[in-house]
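Working notes for the structure below.
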Amino acid sequence: LVADDEPSILSLLRKVLDAEGCFVETAASLAEATSKIKQRPFDLVVADARLGGGIEISLHEHWARHAAFPRPPFLFITGDVLDTALEKSFASRGLPLLYKPVDIEVFRRAARALLGGRPLPRLRLPL
C-alpha cells in the first residue's frame, strides 16, 4: 500500500514498485488508507509522514484498531527536512524515514530490505 496526498509522488512510487513486480494499491488520504487496510493484508506500507497534514504514524501505531491482519513493515516518506522532532519521533520508534525528493534507488533498497531482501512479489487479487 502506498499512501500519499501528492498525486505525483503517489504515481512515482507506484510505478517504481510496479516495475519491481509488485501489485500496488494506493491511497490519497489517511481515511482511504484506513479503509484499505480493513479489506486485506499488505506486505509493506509506504506512507507520507504528514499525510493529510498530521503525523500519520497513527496508522502504524493503531493498526490493530483498524485491521484484522498483522501489521506489515512501514516505510515513511517526508518532504519536511527541517523538522528534527519528526525525525527523532520516527527514529525513537525504529521506523524508517526517507526524504523527498526520494532517491529511487534508495527507495528500492529500503523496500527490499523491509521485505526481507527477497524480490518483491506480484500479488494477483480477484477483481
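From Cα pairs below 8 angstrom and at least 6 apart in sequence, can you work out the relative contact order of the chain, rounded to a whole percent?
25
Given +1 on the Cβ of Lys and Arg, -1 on the Cβ of Asp and Glu, and no further charges, what dipole in debye does the chain carry about its Cα centre, rounded to the nearest 20?
It works out to roughly 580 debye.
Using the heavy atoms of the protein chains alone and a 1.4 angstrom probe, what is the accessible area of the chain per residue in square angstrom?
The answer is 53 Å² per residue.
First select every other residue whose beta carbon is under 13 angstrom from the beta carbon of THR26; then total the charges, Lys and Arg +1, Asp and Glu -1.
-4
When the chain is treated as a GNM, springs tying every alpha-carbon pair under 10 Å, which of GLU105, GLU87, GLU20 comes out with the largest mean-square fluctuation?
The residue that fluctuates most here is GLU105.
Please list the three semi-axes, largest first and in whole Å, of the ellipsoid equivalent to the chain, using sqrt of 5 times the eigenvalues of its alpha carbon gyration tensor.
Semi-axes (√(5λ), whole Å): 21, 18, 14.
Roughly speaking, what is the stretch gain from SER8 to SER89, that is 0.36 nm per residue apart minus the C-alpha to C-alpha distance, in nm to one decimal? Please report the intermediate quantities before stating the final value.
Values: separation 81, 0.36 × 81 = 29.16 nm, distance 2.62 nm.
Full extension from SER8 to SER89 adds 26.5 nm.
The values are calculated or read from the model by the stated rules, or taken from the named source; none is laboratory data. Not measured: the values here are computed from a predicted model. Cβ coordinates were reconstructed from backbone atoms using ideal geometry, including for glycine residues, and neighbour counts include every protein chain displayed. Surface accessibility is based on the protein's heavy atoms, side chains included, excluding ligands, DNA and RNA. Shrake-Rupley method; radii C 1.70, N 1.55, O 1.52, S 1.80 Å.
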